[in-house]
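Please read the structure below before turning to the comments.
The values are calculated or read from the model by the stated rules, or taken from the named source; none is laboratory data. For clarity, every value in this text was computed on a predicted model and none was experimentally measured. All Cβ positions, glycine included, derive from the backbone under ideal geometry; neighbour counts span all protein chains shown. These accessible areas exclude ligands, DNA and RNA; they are computed on the full protein's heavy atoms, side chains included. Shrake-Rupley method; radii C 1.70, N 1.55, O 1.52, S 1.80 Å.
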Amino acid sequence: MTAGIVRPMIGRDSRYFWDGTAAGELRIQRCNACGALRHPPGPACPSCGALDRGHVLAAGTGTVFSYVVHRHPPVPGKELPIVIALIDLDEGVRMVGEVVDVADGDDGPEIEIGMRLRVDFNRVDDELSLPVWRRA
Ligand code: ZN
């Protein structure tokens, strides 16, 4: 079922995030020098330039900023269509995520800008859990 799924690139800057999803946590990178939150993760703080970084635990709730419905081309390990949204987390960072259980209704996908979402985790195997979003 999940054979052929596209696995994320997990590097030094994003390890904390995937360790988090494996533990059922949504983590946001935080600068240890000035406290600024940022996503996607990176080595240096865009606010103050510091390299000292940590993370905080997100509440796992947010709001749809925008979305696209992907119908084509095929995505390995996925049944189309899939809904990909830009989600404004309540902590103030923006994250890309798949929204599930908003499959096509008669008038298209049941999602709209401003809709409240809650994160869930789709366990792929022992090493990988992918965050997915559901209607809150
Ligand atoms: Zn900083």
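Structure data summary
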read-out: Search result, residues across segment 44-62 that are open to solvent by 40 Å² or more (accessible area, probe 1.4 Å) and either away from the ligand (no atom under 12 Å from the Cβ) or hydrophobic (A, V, I, L, M, F, W, C) (or both); value: Ala44, Cys48, Leu51, His55, Leu57, Ala59
read-out: Subset of segment 63-77 (residues that are open to solvent by 60 Å² or more (accessible area, probe 1.4 Å) and under 25 Å from Cys31 (Cα atoms)); value: Phe65
read-out: Only one of Leu80, Leu26 that is touching a Pro at 6+ places or on another chain (Cβ under 7 Å), surrounded by fewer than 16 Cβ atoms within 10 Å (Cβ to Cβ) and of a type in the set (A, V, I, L, M, F, W, C); value: Leu80
read-out: In segment 81-111, the residues that are assigned to a loop (DSSP other than H, G, I, E, B) and at pLDDT below 95; value: Pro81, Val100, Asp101, Val102, Ala103, Asp106, Asp107, Glu110, Ile111
read-out: Residue satisfying condition, being away from the ligand (no atom under 16 Å from the Cβ) and touching a His at 6+ places or on another chain (Cβ under 6 Å), within set Arg118, Arg27, Arg12; value: Arg27
read-out: Failed item in (1) within 16 Å of the ligand (Cβ to nearest atom); (2) open to solvent by 50 Å² or more (accessible area, probe 1.4 Å); (3) without any contact (Cβ under 8 Å) to a residue 60 or more places away in the chain, with Gly35 passing the rest; value: (2)
read-out: Residues located in segment 93-106, provided they are open to solvent by less than 70 Å² (accessible area, probe 1.4 Å) and closer than 15 Å to Arg118 by Cα; value: Val93, Met95, Gly97, Glu98, Val99, Val100, Val102
